[in-house]
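Contents: one structure, followed by commentary.
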Amino acid sequence: MSWFLASLGMIFAASVVGLLWVRAAAEVWPPPGAPGLPRGLWLSTTLIALSTLTIEWARRARCRPGRPGLTGGLTLTLVLGVAFLLAQTRGWFVLAAADFTATTNLYAFTYYLLTVLHAVHVLGGLIPLTVVTLRSLRRNETWPGHGVVYMAMYWHFLTVVWLVLFAVFRLTAG
């Protein structure tokens, strides 16, 4: 899992460096007439921050006798992950309604590239998270629950990446 997260980290790092490179080369950033960042980014950030708390709650519950809170923490993480994606989607629609799409300019392209890249990884994480959540419903004390640990690692990674992206967006938005 560490190697997997390191490779994903390199993809996101390269994408952020690309954004910063383009930003440094631009005479004006953001371009005139570009809409501000969607207000929904704050909601997205709150949702993913809460989801990292709920997955951690589940990870810790895995080690307690009877595993109280394990399924609840995983289920809340699933719900918050879906809510994050819905908030992101709404933000994309708001920007598209303002005629700000990935083909508008390089500023828009970099925004969509990074947010969609992250959203795809959140969506990809929801699939194994669903499997782990369903397995936790069995209440089998002999189930080692390694998937919970791996999902927590992945989810914490996604949260850190989002916080970095959010900070970069805020700092480079003008």
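The values are calculated or read from the model by the stated rules, or taken from the named source; none is laboratory data. Just so it is clear, the structure is predicted and the values come from calculations on it, not from any experiment. With ideal geometry, Cβ positions are generated from the backbone for all residues, glycine too; neighbour counts draw on all protein chains shown.
Closer than 28 Å to R39 by Cα, surrounded by 14 or more Cβ atoms within 10 Å (Cβ to Cβ), touching a Ser or Thr at 6+ places or on another chain (Cβ under 6 Å) and modelled with pLDDT of 95 or more: does that describe F166?
Values: closer than 28 Å to R39 by Cα: yes; surrounded by 14 or more Cβ atoms within 10 Å (Cβ to Cβ): yes; touching a Ser or Thr at 6+ places or on another chain (Cβ under 6 Å): yes; modelled with pLDDT of 95 or more: yes.
Considered against the rule, which asks whether it is closer than 28 Å to R39 by Cα, surrounded by 14 or more Cβ atoms within 10 Å (Cβ to Cβ), touching a Ser or Thr at 6+ places or on another chain (Cβ under 6 Å) and modelled with pLDDT of 95 or more, F166 comes out as yes.
Please enumerate the residues belonging to the stretch 51-72 that are modelled with pLDDT under 95 and of a type in the set (S, T, N, Q).
Across the stretch 51-72, the qualifying residue is only T71.
If you check L158 against the conditions, is it over 17 Å from I48 (Cα atoms), among the hydrophobic types (A, V, I, L, M, F, W, C) and at pLDDT 95 or above?
Spelling it out, it is not the case that L158 is over 17 Å from I48 (Cα atoms), among the hydrophobic types (A, V, I, L, M, F, W, C) and at pLDDT 95 or above.
Looking at the stretch 129-147, is at least one residue closer than 22 Å to W21 by Cβ and within 16 Å of the chain's Cα centre (by Cα)?
Looking for residues that are closer than 22 Å to W21 by Cβ and within 16 Å of the chain's Cα centre (by Cα), one finds none in the stretch 129-147, hence no.
May I ask you to say which residue of A58, A98, A49 is more than 19 Å from L134 (Cα to Cα), under 20 Å from the mean Cα position of the chain (by Cα) and touching a residue at least 60 places away in the same chain (Cβ under 8 Å)?
Sole residue among the options that is more than 19 Å from L134 (Cα to Cα), under 20 Å from the mean Cα position of the chain (by Cα) and touching a residue at least 60 places away in the same chain (Cβ under 8 Å): A49.
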